[in-house]
1. So how much slack lies between Leu14 and Ala80, counting 0.36 nm per residue of separation and subtracting their Cα-Cα distance, in nm?
2. Using only alpha-carbon positions, what ratio does the radius of gyration of the chain give when scaled by 2.2 N^0.38 Å?
3. Can you work out the Karplus-derived ³J(HN,Hα) for every residue in the stretch 51-64? Use 6.51 cos²θ - 1.76 cosθ + 1.60 with θ = phi - 60°, whole Hz, and x for glycine or proline.
4. Roughly how many percent of the accessible protein surface of the stretch 38-88 is carbon and sulfur, given a 1.4 Å probe and a whole-percent answer?
5. Return the distance in nm (one decimal) between the two label points of a simple spin-label model at Asp21 and Ser36, each offset 7 Å from Cα along Cα→Cβ.
6. Could you give the accessible area per residue of the chain, probe 1.4 Å, as a whole number in Å²?
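The values are calculated or read from the model by the stated rules, or taken from the named source; none is laboratory data. Model, not experiment: these values are computed from the prediction. FYI the Cβ positions are ideal-geometry reconstructions off the backbone, even for glycines, and counts take in every protein chain you see. Surface areas here come from the heavy atoms of the whole protein model, side chains and all, with no ligands, DNA or RNA. Shrake-Rupley method; radii C 1.70, N 1.55, O 1.52, S 1.80 Å.
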Amino acid sequence: MISRYEQRHQQYALWDALDTDGDQKLSMREYLHLWSAYDVGTAEAREAFILLDTDGHLGKDEFAQAMYGYYFSEDPAKAAIPILGRSS
């Protein structure tokens, strides 16, 4: 199991690759582009973005918290956001 520090470092490395315009925010377009590479359906990725978004974009900390919550939270609501799509 990786440490929380290592996970945060990996998330920020991913962030740098995703934030294609360098504005320190993920737009819906950038977010959808990420998950299309992992064969996550557009509708599911769009739903996840809407559930995570509070102001039209995702900031670095919002993204990191969402990823951490998806993998490690015991809160079923956080784990239910279809960040990596829905299981069949």
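1. Result for the pair: 21.6 nm of gain on full extension.
2. 1.03
3. 5, 8, 6, 10, 8, x, 7, 10, x, 4, 5, 4, 5, 4
4. Values: 1580 of 3170 Å².
Of all accessible area on the stretch 38-88, carbon and sulfur atoms account for 50 percent.
5. Output for this residue pair reads 1.6 nm.
6. On the way: 5640 Å² over 88 residues.
Result: 64 Å² of accessible area for each residue.
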